[in-house]
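Report on the following structure.
Every read-out reported here was derived from the displayed coordinates using simple, explicitly stated rules and does not represent laboratory data. Source: prediction; values computed, not measured. Heads up, the Cβs are rebuilt from the backbone with ideal geometry, glycines too, and the neighbour counts pull from every protein chain shown.
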Amino acid sequence: MENIKQKNEAHKNKVAKRNITILITCLILLILSFVISMNTGYTKLSPNDTLKTLFGGGSHKEKLILFKFRLPRIVVSILVGIGLSLSGCIIQGISRNPLADPGLLGINAGAGLMVILYVMFFGAKSFLSVFTLPFLALIGAGITAILIYILSYKKGEGVAPLRLILTGIAIQAGISALTTLLVIKLDDTQFDFVANWQAGSIWASNWNFVMTLLPWILILVPYIMMKSRVLDILNLGDELAYSLGTEVERERQLLLGAAVALAASSVSVSGSIGFVGLIAPHLARRLVGPKHRILLPTCALIGAVLVSISDTIAKIIVQPLEIPTGIVVAIVGAPYFLYLLSRNTQ
Amino acid sequence: MVSSNKTKTEIKNIEYVDKGRTWVALLIILLGLGFLFFLMAFSITKGSIEIPLSSVWDVLFSFDENNTHHLIILDIRFPRVIASALVGAAFAVAGAIMQGITRNPMADSGLLGLNAGAGFALSICFAFFPKMKYIQIILFSFLGAAFGAALVNGIASFRRGRATPMRLVLAGAAVSALLSSLSQGIALYFNVAQDIMFWAVGGVAGSNWEQIKIMFPWIIGALIGGVILSHSISISSLGEDVAKGLGLNTAMINVLSSIIVLILAGASVSVVGTVGFVGLIIPHLARYLVGVDYRWIIPVSAVLGAILVVVADLGARTLNPPFETPIGPLIALVGVPFFLYLARKERRAL
Amino acid sequence: MNSINTENLSIAYEEKLIVKGLDMCIPKGKITTIIGPNGCGKSTLLKAVGRILKPKDGIVYLNGEDIHNLTTKEIAQKMAILPQSPQAPSGLTVGELVAYGRFPHQKGFGKLKEEDKEIIQWALEVTKILEFETTIVDNLSGGQRQRVWIAMALAQGTDLILLDEPTTYLDLSYQLEVLELLYNLNKKQNKTIVMVLHDLNLASRFADHMVAIRCGEIISHGDPEKVMTPEILKEVFNIDAHIVRDPRKGCLTCISYDLIKNKNNMCAKICGGMNI
């Protein structure tokens with residue numbers, strides 16, 4: 001008996017150690033991509049100069065490039081990665097469907113529709129857009145999510161996951177249809193703007209956007225972490241979740257609300273980068289298993305690494321042009337995901 | 001003895017329900033087919049020039065080369081209506097098969113990587129070979145769709161051919177994301193995004209006899225194949241273990257179904273672009289009408305899908321003449337409220 | 001003293017009435033087994049008592065308190081319910097799953113306290129799955145998995161445990177082991193056990209109190225001596241049973257039975273064979 005206990009303890013320690021190693025590896029990758037991203041861009045800065053400037057030295061021009069352009073963009077990409085991946089993790093956990101992602105809650109579609117309406121009425125070059133567009137996108141995403149929730153709510157049964165999925169698909173498809181009908185009426189510049197937005201480009205990169213996104217992340221991430229056990233329990237299915245004393249419907253509402261807020265605020269500044277929310281939770285689950293206490297941070301880090309590395313690649317691959325980050329995310333992330341899928345038999 | 005009579009009536013009741021289903025399904029198919037032919041004829045009369053219904057009849061039985069109406073019908077409207085019906089049936093059946101095999105209500109032919117593959121091929125055509133002929137582009141799209149499907153299946157069954165539905169679904173999502181991102185990137189970089197979009201929303205507008213000659217045998221063949229497989233798909237939808245227990249060669253069925261879906265959806269996607277919603281919604285509707293037996297779901301889906309696309313194409317031509325309204329969004333807008341209703345009504349989706 | 005009372009309880013799925021106007025009591029500190037044919041509303045009843053299903057009408061009292069006045073967490077501290085064939089998320093280890101049982105007793109981030117760890121250890125030991133603690137649940141056999149779920153319910157540390165067919169998937173010796181485990185919990189720790197059982201003889205052997213249900217109505221309840229009679233079994237299961245006293249255990253046992261032919265099966269018509 002004691003022997004078995006010792007063996008179990010040893011195994012648990014080993015797993016804990018492995019999980020911490022995975023977390024640290026992700027963290028190192030994140031720092032690495034941060035450093036690389038700081039050193040890449042249209043203007044060449046040597047790593048030495050970058051370091052000097054970061055710690056107060058450097059010329060005026062160097063400071064301008066680093067603090068005004070590069071740093072906020074990197075921070076935005078990291079925050080967006082965290083927001084979208086956590087949102088996806090929650091939605092997959094609640095719906096118990098591996099195909100679910102934040103797009104399922106209509107976030108990308110709703111935000112996209114708002115962006116197109118805005119561009120149609122005010123033009124792509126309007127100076128107002130830098131400030132109003134994220135706000136409008138946020139509203140569009142929020143309204144769509146609420147609409148989906150209301151439509152999938154049924155008295156006495158609440159929001160059954162399957163009905164949520166089906167409703168989500170339907171609303172998403174409807175809004176995309178409207179979007180297409182509108183898009184064919186756009187002129188060239190408007191179309192380019194919208195196409196870039198839809199492909200997910202982190203164009204809104206100044207400190208103002210960091211400031212609009214940061215509070216959401218700072219409030220919601222700890223909140224979700226606190227709810228990690230509730231997510232575990234919800235993963236057992238409704239019956240057992242009730243049995244273990246969870247207010248299933250209320251918790252689901254709160255968590256979905258958090259997921260919507262995270263994804264909507266991220267999408268509003270980044271355009272629609274859909275793939276992170278789908279893939280980061282899967283990658284994390286394959287690495288550390290289904291317990292949310294370790295799954296959530298791993299997932300957030302993977303998301304952050306994925307988006308920030310992709311953004312760096314997006315900047316350098318076809319200089320001086322840029323391709324939208326969302327495209328790079330899929331091109332970088334999908335092959336790795338497919339590799340894991342083909343290797344792992346489970 | 002009174003009680004024994006009761007048992008008998010109960011058994012009769014059960015048989016009655018079963019037979020009732022069969023009759024409902026047969027009725028839907030027959031009425032549906034009749035309605036479809038009427039719709040096709042009606043659709044031919046509508047458009048930028050109104051043509052009396054009698055001319056449609058005349059074209060079939062006493063064709064007059066010098067009559068412009070007859071020429072319009074024969075060269076433009078006929079192929080278009082036939083293409084609509086074929087494409088509708090093909091998308092719907094492909095969707096039904098996908099949902100049965102993957103046991104996922106979110107599945108449609110797009111999940112096999114077909115749409116993304118076709119889109120990828122399309123972006124390459126537009127970016128690198130802008131002078132390609134119409135029919136060549138369509139062939140290229142089909143090759144792209146096949147490439148996408150091969151990639152998904154290859155990855156899903158990498159290990160000892162174990163293409164479980166879950167792996168198929170995940171691989172499909174990832175490959176689709178990859179290919180569509182690549183095509184988005186190419187489109188944006190070479191500045192052909194708008195051209196591609198106009199091509200993709202074009203629907204069945206440019207259909208001609210040449211296309212239909214190529215498409216017709218394949219789609220009809222694949223539809224028949226789908227009906228032949230339908231019993232196995234019913235069994236398959238019970239889950240892999242049960243299906244194997246019932247003596248079904250699940251791996252074989254998966255491969256055969258994939259090929260049929262590829263032919264059906266691949267051919268349709270390359271002709272009309274992604275009209276995704278047909279494949280998603282029609283199988284749900286069919287299941288709602290005739291129950292969970294794929295022997296009925298598949299033919300009913302074919303008929304309903306054909307009707308839906310013919311109606312949608314009619315709308316596309318007549319809503320805002322002389323302009324065409326894109327058919328894909330049109331179908332989606334009609335389908336959404338209906339799909340929402342089903343989502344509320346259904347207790348189980350599969 | 002009753003652990004659970006129901007008053008005029010009616011339960012329906014959509015418009016379909018499964019249980020109507022049921023008054024039932026579960027005595028405290030006893031083992032109660034619920035028997036009845038497939039689709040008679042046993043599982044439905046258990047779920048309604050365990051507040052997983054909202055009844056259409058009527059009240060469930062837990063220790064004399066209306067269950068609707070309690071928060072679901074308060075209920076979870078007093079009553080554990082294990083549904084039929086639950087599913088674990090893939091990749092979870094046995095130890096982690098059993099630890100979920102401590103959920104109703106935790107707050108905030110939910111770090112496991114010493115007390116929690118002890119009760120988890122105990123649950124693992126009494127269900128004899130300690131050696132699997134670090135094994136992934138997906139890799140266990142059906143019987144082992146069933147014991148893991150029971151361990152989770154035990155870790156919940158409640159005085160009342162409801163189980164829906166806890167012996168499914170188990171071989172003969174494990175069936176007995178699980179039931180004896182529950183029996184000992186009842187005798188030594190005075191826990192109240194309620195379970196739906198299919199095996200009549202096991203139900204009679206381990207029960208202090210039996211409830212026989214057909215078509216959502218109680219046909220008979222009381223100690224096994226009262227319920228395990230040919231008349232009642234005929235009414236409930238439509239069988240012609242031969243009941244004798246088990247020479248070793250002294251409990252009533254059905255050693256042989258036949259179907260009664262030519263009797264209409266009303267229940268199938270009313271309940272539609274529903275077993276949800």
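Calculated FRET efficiency, residue A:12 and residue C:128, Cβ-Cβ r, R0 22 Å, to nearest 0.05? Rounded to the nearest 0.05, the efficiency is 0.70.
Considering only alpha-carbon pairs that sit under 8 angstrom and 6 or more positions apart, the relative contact order computed for the range A:204-281 is 40 percent. In this simple spin-label approximation, residue C:139 and residue B:242 carry label points 7 Å from Cα along the Cα→Cβ vector, and these lie 2.9 nm apart. Net length available on complete extension from residue B:136 to residue B:249 is 36.9 nm, with 0.36 nm assigned per residue and the Cα-Cα distance removed.
Counting 0.36 nm for each residue step from residue B:71 to residue B:320 and taking away their Cα separation leaves a gain of 87.3 nm.
Is the shape of the range A:85-197 rounded, prolate or oblate, going by the alpha carbon gyration tensor and its root eigenvalues a ≥ b ≥ c, with a/c under 1.5 for rounded and a/b larger than b/c for prolate? It is prolate, given that a/c is not under 1.5 and a/b is the larger ratio. Calculated FRET efficiency, residue B:143 to residue B:33, Cβ-Cβ distance, R0 = 45 Å: about 0.85 to the nearest 0.05. Near residue C:56, the amide H atoms lying under 5 Å from its own belong to C:10, C:11, C:12; only residues 5 or more places off or on other chains count, and H is placed 1.01 Å from N. Here chain A is assigned +1 on the Cβ of each Lys and Arg and -1 on the Cβ of each Asp and Glu. Its dipole about the Cα centre then comes out at about 880 debye.
Based on C-alpha pairs under 8 angstrom that are at least 6 apart in sequence, chain B has a relative contact order of 28 percent. Kindly state, to the nearest 0.05, the FRET efficiency for residue B:129 paired with residue B:338, given R0 = 56 Å and r defined as their beta-carbon distance. Approximately 0.90, to the nearest 0.05.
Determine the alpha carbon to alpha carbon distance for each of A:63/A:315; A:7/C:187; C:56/C:117; A:154/A:185; A:155/C:30 and list only those over 28 Å. Exceeds cut-off: A:7/C:187; C:56/C:117; A:154/A:185; A:155/C:30.
When you filter the chymotrypsin sites (Phe, Trp or Tyr not before Pro) in the range A:47-98 for DSSP loop state and at most 16 other Cβ atoms inside 10 Å of their Cβ, you are left with A:55.
Per-residue mean of foreign Cβ neighbours for B:185-194 is 5 (Cβ atoms of other chains, 10 Å radius).
Taken as entire DSSP H runs, the helices of chain B that both span 24 Å or more between Cα atoms along their own long axis and average 1.0 or more on the Kyte-Doolittle scale are B:78-102, B:134-156, B:165-189, B:209-236, B:250-272, B:294-318, B:327-345. For the peptide C:134-141, the mean number of other protein chain Cβ atoms found within 10 angstrom of a residue's Cβ is 2. Straight-line reach from residue C:73: taking Cα to Cα under 18 Å and skipping same-chain neighbours fewer than 8 places apart, the lysines in range are A:227, C:47, C:54, C:107, C:111. For chain A, the relative contact order comes to 30 percent (Cα pairs under 8 Å, sequence separation of at least 6). Shielding value for C:146-155 is 1, the average number of Cβ atoms from other chains within 10 Å of each residue's Cβ. Taking a span of 24 Å or more along the helix axis (Cα atoms) and a mean Kyte-Doolittle hydropathy of at least 1.0 as the rule, the DSSP H helices of chain A that qualify are A:71-95, A:129-152, A:161-183, A:207-226, A:292-316, A:325-343.
Can you tell which of A:66, A:6, A:39 lies farthest toward the positive end of the dipole of the range A:1-123, using +1 and -1 charges on the Cβ of basic and acidic side chains (Lys, Arg; Asp, Glu)? Value computed over the given set: A:6.
For the range A:1-56, the set of trypsin sites (Lys or Arg not before Pro) satisfying both a DSSP loop assignment and a count of at most 14 other C-beta atoms within 10 Å is given as A:44. Placing a pseudo-label 7 Å from each Cα along the Cα-to-Cβ vector at residue A:247 and residue C:173 gives an inter-label distance of 4.8 nm.
Distance between the 7 Å Cα→Cβ label points at residue C:38 and residue B:224: 4.1 nm.
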